[in-house]
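Shown next, in structure tokens, is the structure this report addresses.
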Amino acid sequence: SPNETVSLIHRIVDNLRKRRTVAGPAADPLAPHLAAFRAAAADFAEFIRTAPAVEEETAVFAERFAEMADGLEGEPAIDTPGGLVRLLTSPPHADLCTKAGTFLAFKKKGKWVDAAKREGLAKADGERLNLAAEAAYSACCVAWQTLTQNVASRVLADLIGEVRPVLDH
């Protein structure tokens with residue numbers, strides 16, 4: 001939105017004018033964060049593929065994270081303005097989110113116990129599978145949030161760098 005962008009530039013300039021020593025946030029390289037998200041999604045998919053029992057809703061979650069990771073492939077490159085915008089505007093899959101846009105809480109213990117029983121496994125096996133699935137789900141959520149936070153920091157740092165000459169002028 002052009003109006004929101006201009007408003008943001010004005011706020012940045014005002015903050016820079018008040019605090020001449022303000023610098024943009026440190027911008028970490030993004031490739032490791034992207035790789036961490038892809039690895040977490042791949043690990044979750046591998047867990048589902050190799051588990052002795054599978055809870056269907058969790059399998060859908062793993063599939064959606066894999067789709068998100070696949071959607072980040074290709075052009076534009078991650079460190080280009082186009083790549084930054086693409087990452088910044090890529091929301092998590094709707095199947096993984098609440099109406100507020102946050103990730104769903106992982107509450108599947110009973111369903112994992114039932115899935116284990118269907119496969120002839122003990123309740124304790126279902127509970128262990130649930131814990132492993134919950135850890136994989138959480139790793140994907142954290143990796144996604146870390147990636148998007150670092151993308152936002154990078155965009156803000158770049159924007160501050162672009163606005164500083166306006167302030168100096």
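The values are calculated or read from the model by the stated rules, or taken from the named source; none is laboratory data. These numbers come from a predicted model, not from an experiment. Here the Cβ is made from the backbone with ideal geometry for all residues, glycine too, and neighbour counts use every protein chain on show.
The table below gives the values:
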item: Selected residue (criterion: nearest to the chain's Cα centre (by Cα)) from residues of region 16-27 that are surrounded by 14 or more Cβ atoms within 10 Å (Cβ to Cβ) and at pLDDT 60 or above; result: ALA27
item: Members of region 87-122 that are touching a helix residue (DSSP H, G or I) at 6+ places or on another chain (Cβ under 9 Å), surrounded by 14 or more Cβ atoms within 10 Å (Cβ to Cβ) and not in a loop (DSSP other than H, G, I, E, B); result: LEU87, LEU96, PHE103, LYS109, LYS111, TRP112, VAL113, ASP114, ALA115, ALA116, LYS117
item: Single condition ALA100 does not satisfy, out of (1) closer than 30 Å to ILE9 by Cα; (2) in contact (Cβ under 8 Å) with a residue 40 or more places away in the chain; (3) not acidic (Asp, Glu); result: (2)
item: Meets criteria (modelled with pLDDT under 85 and touching a helix residue (DSSP H, G or I) at 6+ places or on another chain (Cβ under 7 Å)) for ALA62; result: no
item: Answer from ALA105, ALA132, ALA143, ALA124 - the residue that is more than 18 Å from ALA36 (Cβ to Cβ) and touching a residue at least 12 places away in the same chain (Cβ under 8 Å); result: ALA132
item: Selection within region 58-86 - among the small types (Gly, Ala, Ser), loosely packed, with under 15 Cβ neighbours inside 10 Å and touching an Asp or Glu at 6+ places or on another chain (Cβ under 9 Å); result: GLY82
item: Options ALA133, ALA157; residue that is closer than 30 Å to ARG17 by Cβ and not polar (S, T, N, Q); result: ALA157
item: Subset of region 51-78 [of a type in the set (A, V, I, L, M) and not in a loop (DSSP other than H, G, I, E, B)]; result: ALA59, VAL60, ALA62, ALA66, MET68, ALA69
